[in-house]
Amino acid sequence: APGIGLAAPQIGILQRLTVIDISSEENPDKLHTFINPQIVHAEGRIVWEEGCLSIPGAYEKVERSNKIVVQALDRDGEEFELEADGLLAVAIQHEIDHLDGVVFLDHLSSLKRRMALKKYKKHLEAMEKERLEKQNSRPWSQFEPASKPTHRLHGDARFRRPIPRRPDPEQARCRGRGHQPRPPQRSR
Ligand code: GNR
Ligand code: NI
């Protein structure tokens, strides 16, 4: 699955809850649950290129503490303390930021933030384009009426734009000689 961590506010749940899974091939199934996490100790600096599921397309280097001690409740409500460094420390700080309404862009200079937001915007546009292409490639999409329903219960499905047709050999002959096949007249 994409993402090594998720904070509840990212999915509309405004609670101090976050999960982190930095499992890998050699170190599988390391799911950490943090309820009301608090960083009680931090030291050192580390720079990591971060991304965020809530800001797809944007990646920038962020400086954070390299080694932290975090206190939290686990999924059974039991208090625990965890010492973390490297990627796990970065991820915990990234997720706790989400609980406070902070994202990694807030740690960047305004120039870097503007560049990252541009990449985010580009990515959103590409996603929207792909979504539209997918939607329009559905076999029934080209036959949808091009108007909003006007009736109380439902609209109608009369064609309001030309039905795309296979080029007919007779028509193909006329094309390019000033012949424009007239669209069928509709009564209004
Ligand atoms: O998947 C994620 N990867 C990541 C990489 C570097 C630093 C932080 C992260 S967290 C991110 C998932 C996410 O957005 N969690 O909020
Ligand atoms: Ni994030």
task: Answer yes or no as to whether Asp97 is more than 30 Å from Leu111 (Cβ to Cβ) and either modelled with pLDDT of 95 or more or not in a loop (DSSP other than H, G, I, E, B) (or both).
output: no
- request: Could you check how many residues of the stretch 98-114 are within 20 Å of Arg45 (Cβ to Cβ), within 14 Å of ligand 2 (Cβ to nearest atom) and without any contact (Cβ under 8 Å) to a residue 40 or more places away in the chain?
  value: 2
- prompt: Across the stretch 8-67, which residue is farthest from Lys119 (Cα to Cα) among those that are among the basic types (Lys, Arg) and surrounded by 17 or more Cβ atoms within 10 Å (Cβ to Cβ)?
  reply: Arg16
- prompt: List, please: which pairs have Cβ atoms under 8 Å, are six or more places apart or on different chains, and start with a residue in the stretch 76-89 that is closer than 16 Å to Ile39 by Cα and end with one that is assigned to a loop (DSSP other than H, G, I, E, B) and away from ligand 2 (no atom under 16 Å from the Cβ)?
  reply: Phe80/Asp74; Asp85/Gly44; Asp85/Asn66; Gly86/Asn66; Ala89/Ser65; Ala89/Asn66
- prompt: Give me the pairs: first residue in the stretch 23-49 and closer than 14 Å to Glu83 by Cβ, second residue basic (Lys, Arg), beta-carbon distance under 9 Å, and six or more apart or on different chains, which are they?
  reply: Phe34/Arg16; Pro37/Arg16; His41/Lys67; Ala42/Arg64; Ala42/Lys67; Glu43/Lys67; Gly44/Lys67
query: Which condition breaks for Ser54 when tested against (1) of a type in the set (S, T, N, Q); (2) within 15 Å of ligand 2 (Cβ to nearest atom); (3) part of a strand (DSSP E or B)?
result: (3)
message: Need the failing condition index for Glu95 against (1) within 15 Å of ligand 2 (Cβ to nearest atom); (2) closer than 12 Å to Arg64 by Cα, just the number.
response: (2)
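The values are calculated or read from the model by the stated rules, or taken from the named source; none is laboratory data. The model shown is predicted, which means the values in this text are computed figures rather than measured ones. Positions of Cβ are generated from backbone atoms using ideal geometry, with glycine treated the same way; all protein chains shown enter the neighbour counts.
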